[in-house]
Amino acid sequence: MPESSHTGEAIGALKPRDLVAMLDRIDVADVAASNIDVDAIGRAIDPRKLGTNDLTSVLAAVNRLAEAGADIGLSRMGPTTFARLMAHATTDQVESIMADPVLRERVLGEIFRRMGAHLRQDRVKDLHAVVHWRLTGGAGEGGYDRYETVIRGGTCTVGREMAERPRVTVTLTPVDFLKLISNNASAPVLFMTGKLKVRGDLAFAANLIGLFDLPRP
């Protein structure tokens, strides 16, 4: 059996607080710290079996190691594993993550960073569109975290500065955003229930998520 499988089984047997304690004890100066399989950690965790703040604690411990120099950031987690964690997290768990300013920035940043890799080339070949995203409860102007995605020439670039005129501006909570990009909610339903607000091209916004081949959990 591959070593990563043994690692996943061992991690899965730990309680969240014990996993956090183990991660906190790791000395990033140790060469072994760079060999930690963050994807194995993600695969071993089932948010549905965790308490409200447990997922936050584990992700925060991983992020602390990454900031200290260990090669264990969320960017090292596979797309399917990351999508499963986000899809299976409860509303309370997501709200707990978003209540941590550092973790909120890391998780949202990771989601937007991955957008370019999931762009459907068959649907964007001749498309030029700018989307402004406003996520509520943020630290930016008006209480929003803002992201700009620019689809042009078959690529999708992401920035925090609203530099171009948007085709649509989308406003929603981080919880609903995660539901949307993890295939747990549809844009039309969120719009009809008032959870997603759109300014600009409504028809384009309704099909926006369809431009991406999002990983399924």
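The values are calculated or read from the model by the stated rules, or taken from the named source; none is laboratory data. Since the structure is predicted, the reported quantities are computational estimates derived from the model, not experimental observations. Here Cβ is always computed from backbone atoms with ideal geometry, including for glycine, and neighbour counts include all displayed protein chains. Remember, those area values only see protein heavy atoms, side chains included, never the ligands or the DNA or RNA. Shrake-Rupley method; radii C 1.70, N 1.55, O 1.52, S 1.80 Å.
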Sort out for me the helices (runs of 4 or more DSSP H) sitting completely within segment 84-164 that have 2 or more residues that are of a type in the set (A, V, I, L, M, F, W, C). 91-98, 101-114
Output the number of residues of segment 176-189 satisfying the condition of being open to solvent by less than 20 Å² (accessible area, probe 1.4 Å) and farther than 16 Å from residue 201 by Cα. 5
Within segment 197-217, can you find the residues that are within 17 Å of residue 148 (Cα to Cα) and in contact with a helix residue (DSSP H, G or I) (Cβ under 7 Å, 6 or more places away or on another chain)? 198, 205, 208, 209, 211, 212
Scanning segment 145-162 residue by residue, the ones that are open to solvent by 50 Å² or more (accessible area, probe 1.4 Å) and under 20 Å from residue 111 (Cα atoms) total 8
Regarding residue 170, is this residue surrounded by 19 or more Cβ atoms within 10 Å (Cβ to Cβ) and at pLDDT below 95? no
Please list, ordered by first then second residue, the pairs with beta carbon atoms under 7 Å, 6 or more apart or interchain, first in segment 100-112 and open to solvent by 20 Å² or more (accessible area, probe 1.4 Å), second among the aliphatic types (A, V, I, L, M). 100/60; 101/139; 106/74
Across (1) closer than 25 Å to residue 79 by Cα; (2) among the aromatic types (Phe, Trp, Tyr); (3) over 15 Å from the mean Cα position of the chain (by Cα), residue 204 clears everything bar (1)
Six or more apart or on different chains, Cβ under 9 Å: which pairs go from a residue in segment 122-147 that's more than 16 Å from residue 95 (Cα to Cα) to one that's small (Gly, Ala, Ser) and in a helix (DSSP H, G or I)? Could you list them? 123/210; 131/205; 134/142; 147/109
If we scan segment 113-132, do we find a residue that is surrounded by fewer than 14 Cβ atoms within 10 Å (Cβ to Cβ), modelled with pLDDT under 95 and β-branched (Val, Ile, Thr)? no
Residues of segment 64-81 being in contact (Cβ under 8 Å) with a residue 40 or more places away in the chain and either surrounded by fewer than 17 Cβ atoms within 10 Å (Cβ to Cβ) or assigned to a helix (DSSP H, G or I) (or both), in sequence order, are 64, 65, 68, 69, 79, 80, 81
Can you tell me which residue among 98, 86 is within 23 Å of residue 169 (Cα to Cα) and not charged (D, E, K, R)? 98
Do we have any residue at all in segment 84-97 that's over 13 Å from the mean Cα position of the chain (by Cα) and β-branched (Val, Ile, Thr)? yes
Contact list please: Cβ distance under 6 Å, first residue in segment 163-188 and of a type in the set (A, V, I, L, M), second residue assigned to a strand (DSSP E or B), pairs at least six apart or on different chains. 168/131; 168/198; 168/200; 170/133; 170/198
Residues 127, 135: which one is closer than 12 Å to residue 181 by Cβ and aliphatic (A, V, I, L, M)? 135
Given (1) more than 24 Å from residue 137 (Cα to Cα); (2) buried (at least 20 other Cβ atoms within 10 Å of the Cβ), where does residue 85 come up short, assuming only one miss? (1)
